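Below: one structure, written as structure tokens.
The values are calculated or read from the model by the stated rules, or taken from the named source; none is laboratory data. Note that this is a predicted model, so its numbers are computed, not measured. Here the Cβ is made from the backbone with ideal geometry for all residues, glycine too, and neighbour counts use every protein chain on show.
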Amino acid sequence: MSRIQDTFARLQAQGRRALIPYVCAGDPYPDLTPEIMRALADGGADVIELGIPFSDPMADGPVIQRAAERALHHGVGMAQVLDMVAAFRQTHPQTPVVLMGYANPVERFDQRHGSGAFVDAAAAAGVDGVLIVDYPPEECADFAARLRSRQMDLIFLLAPTSTDERMRKVGEIATGYVYYVSLKGVTGAGHLDTEAVARAVPRIRAHVKVPVGVGFGIRDASSAQAVGRVSDGVVIGSRLIQILEAESRDNVTTAAKAFMAEIRHALDAL
């Protein structure tokens, strides 16, 4: 059982929802990413999604695009991302870390270091799961098998436009959890329709047996609670990045921990 699977099993036994923050590796201060991750975990995060900076993040809105641009400006690539995970692991051996990004950086890493190098390096760094936005389930059975052989999960996105057939295919290969994108469009866009989420999650569960986390449009304790009532986990990205980019270097970790504690309290009040 992976750390992600163990975490969700423990939370479900306690009747609690997973809190899953997203931050972009290297943003806003590259050397502080491991400290920000620690602050998130100490504030109540159950799983941390760590974004791999990429120059063309097609699923992301302007907030996360800016974060990726800042990280790339500071020279943060896959090697640095993996070093950040390893540094976080030194103090937090149990909090799962999911690398989230796009196919290009993963495939470029393998081109430079050899076939299968990414999976080996991710496992060595302490990664627990991988979410590659532009990897369709039909084309990554071998990749999923390599990850599973190293106790890592392959996580997929589902959207309001996902068909039953797509959900079924994802259900055949996904482990850990699935990430339901609650809005049409990019990250940080639109208005969260919690009634639509409440209708969508049971439909997903008919095809997918792993936990369902919901993200996009969750900005505060109220929206987190509304989503937490109908899902297994809540993913928060754009709002967290907005908070971090507005903080000084001295205050960024304090702000990260405080925001997580606020959302954690709201979820545990359900």
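Yes/no per residue for (1) within 16 Å of residue 47 (Cα to Cα); (2) touching a helix residue (DSSP H, G or I) at 6+ places or on another chain (Cβ under 6 Å):
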position	(1), (2)
228	yes, yes
233	yes, no
239	no, no
243	no, yes
253	no, yes
261	yes, yes
267	yes, yes
270	no, yes
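When you look at residue 27, is it touching a residue at least 24 places away in the same chain (Cβ under 8 Å) and either part of a helix (DSSP H, G or I) or touching a strand residue (DSSP E or B) at 6+ places or on another chain (Cβ under 7 Å) (or both), yes or no? Talk me through it step by step, then tell me what you get.
On the way: touching a residue at least 24 places away in the same chain (Cβ under 8 Å): yes; either part of a helix (DSSP H, G or I) or touching a strand residue (DSSP E or B) at 6+ places or on another chain (Cβ under 7 Å) (or both): no.
Judged against the criteria, residue 27 is not a match.
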Here is a check on your reading of the model: is residue 182 at pLDDT below 95, small (Gly, Ala, Ser) and buried (at least 21 other Cβ atoms within 10 Å of the Cβ)? yes
Failed condition for residue 94, given (1) of a type in the set (S, T, N, Q); (2) closer than 22 Å to residue 1 by Cβ; (3) surrounded by 14 or more Cβ atoms within 10 Å (Cβ to Cβ): (3)
Looking at 98, 85, 106, 133, which one is in contact with an Asp or Glu (Cβ under 8 Å, 6 or more places away or on another chain) and not acidic (Asp, Glu)? 98
Of the residues in the stretch 201-260 that are assigned to a loop (DSSP other than H, G, I, E, B) and acidic (Asp, Glu), the one that is surrounded by the most Cβ atoms within 10 Å (Cβ to Cβ) is 232
Listed residues 172, 165; which is in a helix (DSSP H, G or I), over 18 Å from the mean Cα position of the chain (by Cα) and under 27 Å from residue 52 (Cβ atoms)? 172
